[in-house]
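The values are calculated or read from the model by the stated rules, or taken from the named source; none is laboratory data. What you see is a predicted model; the values in this text were computed from it and never measured. Cβ placement follows ideal geometry from the backbone for every residue including glycine, while neighbour counts extend to all protein chains displayed.
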Amino acid sequence: MKPTKPKIRRLLKLAKHLESGKLGHDQFNYSIYHDEDICGTAGCAIGECPFVFPEHWVFRRTGRYGVKFLKLKSAKPGQLTRDSSMEFFGLSLAQHQFLFVPGMRGSPLSVIASRQEVAAHIRKFVEKIRAGV
């Protein structure tokens with residue numbers, strides 16, 4: 001599935017946000033969408049979506065421990081964060097995993113990837129889409 005131009009703009013906006021360093025989470029952690037504890041909050045690129053795209057994304061509490069997850073505000077009941085990401089950015093499952101899941105689908109990024117590395121990874125993906133690769 002080839003992302004549409006508006007979806008590419010969304011990916012680039014997310015990359016720019018990661019590059020800026022002005023994150024909504026206290027720490028960037030490529031291995032988890034969102035987490036919070038007594039030390040603060042941590043999240044990955046998708047975890048930053050409620051801060052970058054607040055009109056579309058929201059944190060939701062679930063479970064008896066109040067664990068937070070995130071999804072599109074328009075998400076259907078039971079829709080996973082992954083599914084919201086695929087819908088919002090216009091990605092196939094393989095593309096979502098390549099971009100946002102450490103080491104999946106040939107991704108060169110590991111769980112310790114920095115925000116700058118993830119931003120560069122997104123930009124490289126967009127370049128390939130634009131080139132028709």
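Does the stretch 95-108 contain at least one residue that is within 23 Å of S20 (Cα to Cα), touching a strand residue (DSSP E or B) at 6+ places or on another chain (Cβ under 9 Å) and surrounded by fewer than 13 Cβ atoms within 10 Å (Cβ to Cβ)?
no
Does R123 satisfy the criteria of being closer than 12 Å to L12 by Cα and either at pLDDT below 95 or under 14 Å from the mean Cα position of the chain (by Cα) (or both)?
yes
So K128 passes all but one of these: (1) part of a loop (DSSP other than H, G, I, E, B); (2) modelled with pLDDT under 95; (3) surrounded by fewer than 13 Cβ atoms within 10 Å (Cβ to Cβ). Which condition number does it fail?
Checking K128 against (1) part of a loop (DSSP other than H, G, I, E, B); (2) modelled with pLDDT under 95; (3) surrounded by fewer than 13 Cβ atoms within 10 Å (Cβ to Cβ), the one that fails is (1).
What are the residues in the stretch 34-59 that are among the aromatic types (F, W, Y) and under 27 Å from R130 (Cβ atoms), if any? Quick ask: steps written out before the conclusion?
Residues of the stretch 34-59 that are among the aromatic types (F, W, Y), as a first pass: 51, 53, 57, 59.
F51, F53, W57, listed by residue number.
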